[in-house]
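The values are calculated or read from the model by the stated rules, or taken from the named source; none is laboratory data. Bear in mind the structure is a predicted one, so any value in this text is a computation, not a measurement. Glycine also receives a Cβ, built like all others from the backbone with ideal geometry; neighbour counts cover every protein chain displayed. Ligands, DNA and RNA are excluded from the accessible area calculation, which covers all protein heavy atoms including side chains. Shrake-Rupley method; radii C 1.70, N 1.55, O 1.52, S 1.80 Å.
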Amino acid sequence: MRIWLLSGLALVLPLCLAGDAGAADACPAERAVYELVDEGSRFEIGFQRSHNYASIASDLYMYLTTPQRTYWFTFSVSNGYSGITLIPVTDPTRADAVPDGPRELIALGSDNPVDLDTLRSLRFYALDEDFTFWFEPPNEGETAPAFIMVPEMGLSLWYGAGQLTDDASADRDPMPRGVFKPDLCRDVLPERAWP
């Protein structure tokens, strides 16, 4: 019975997702907006251009908007067989980011166990339409990923949303696990973020 269910899921999942992958075709990453809808709650992921480089890994910031607030991240990619990690930062579009860019909310070199657990939950997966995983985050001008997953982000939003924002009122912010599918390709881009 279990083998049949897994086989059925393997056949159905690509069919459910394939119809939306085309929305990312020829859409540059900085214009792509993705959504995950769960019981009427909408979660959005998108990218924001920076004046220079948001991080050494990408010239784009990533934002996640939940029903409660918007969270901002830069990308980090380690050497070897690793992946892409999101680093929470303050809003890079605010005036206080103009001189030096946004402030990192968790230091990469931290040996604090809470910080390390949070960083482990902030993995970013970009996939092509054939479900091939990207090894590098998107950059401005590149074709947007067909799908995006941040499967453990909900863990940090549930137990430590305050680590992902400088909003002192941040509390538990429930988000389901799921695949973010393309929603639209923006015609108008916001002003570039700092630095």
Please report, in Å, the Rg and the Dmax of region 93-195, where both are computed over Cα atoms only. 15.8, 43
Residue-normalised accessible area of the chain, expressed per residue, 1.4 Å probe, Å²: 54 Å²
Over the alpha carbons of the chain, what is the largest minus smallest coordinate on each principal axis, giving the biggest first in Å? 56, 39, 38
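Find the relative contact order for the chain and round it to a whole percent, using C-alpha pairs within less than 8 Å whose residues are 6+ positions apart.
On the way: 407 pairs, mean separation 56.2, N = 195.
Relative contact order for the chain comes out at 29 percent.
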Can you send over the carbon and sulfur percentage of the accessible area for region 99-195, probe radius 1.4 Å, protein chains only? 52 percent
Length gained if residue 143 through residue 81 is fully extended, taking 0.36 nm per residue and subtracting the Cα-Cα distance, is 20.0 nm
Coil-residue GluC sites (Glu not before Pro) of region 28-77, DSSP, other Cβ within 10 Å capped at 10: 39
